[in-house]
1. Return the pair list, or none, for Cβ contacts closer than 6 Å from residues in the range 13-40 that are under 12 Å from ASP52 (Cα atoms) to residues that are open to solvent by less than 50 Å² (accessible area, probe 1.4 Å) and not in a loop (DSSP other than H, G, I, E, B), at least 6 apart or on different chains.
2. How many residues, within the range 53-64, are at pLDDT 70 or above and in contact with a helix residue (DSSP H, G or I) (Cβ under 8 Å, 6 or more places away or on another chain)?
3. Only residues that are over 18 Å from ASP12 (Cβ atoms) and surrounded by 13 or more Cβ atoms within 10 Å (Cβ to Cβ): list them for the range 24-37, please.
4. Filter the range 38-47 down to residues that are within 13 Å of the chain's Cα centre (by Cα) and assigned to a loop (DSSP other than H, G, I, E, B), then give me how many there are.
5. Quickly run through the range 8-22 and pick out the residues that are hydrophobic (A, V, I, L, M, F, W, C) and more than 9 Å from the chain's Cα centre (by Cα).
6. Scan the range 43-54 for residues that are open to solvent by 50 Å² or more (accessible area, probe 1.4 Å) and under 18 Å from TRP23 (Cβ atoms) and jot them down.
Amino acid sequence: MAVNAKPELVIDHRKNLPGRGAWLHPSESCVTTAVRRRAFGPALRVRGLTVDPADLAEIFGEAP
């Protein structure tokens, strides 16, 4: 991984991608709670990771 590489969230539908993962229900309330608690950084072991709920909605296929 390059030193300046930007972390990217990817949904692993087949559950076979390498790397650190975090479970998240594809529901608005679960996403909102995870963002409010700033749970993504610690779960994925990435310091300073910020997540925009609108980006996750787009990834889940539920554009706001």
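The values are calculated or read from the model by the stated rules, or taken from the named source; none is laboratory data. This is a predicted model, so every value here is computed, not measured. Methodologically, a virtual Cβ is constructed for each residue, glycine included, from the backbone with ideal geometry; neighbour enumeration extends over all protein chains shown. In case anyone asks, the SASA skips ligands and DNA or RNA and just uses the protein heavy atoms, side chains included. Shrake-Rupley method; radii C 1.70, N 1.55, O 1.52, S 1.80 Å.
1. VAL31/LEU56
2. Adding up the residues that qualify gives 2.
3. Those that are over 18 Å from ASP12 (Cβ atoms) and surrounded by 13 or more Cβ atoms within 10 Å (Cβ to Cβ): GLU28, THR33, VAL35.
4. Just the residues of the range 38-47 that are within 13 Å of the chain's Cα centre (by Cα), to begin with: 38-46.
Filter once more, keeping what is assigned to a loop (DSSP other than H, G, I, E, B): 38-39, 45-46.
So the answer is 4.
5. Step one: list which residues in the range 8-22 are hydrophobic (A, V, I, L, M, F, W, C), which gives 9-11, 17, 22.
Passing the criteria: only LEU17.
6. Scanning the range 43-54 gives ARG45, PRO53.
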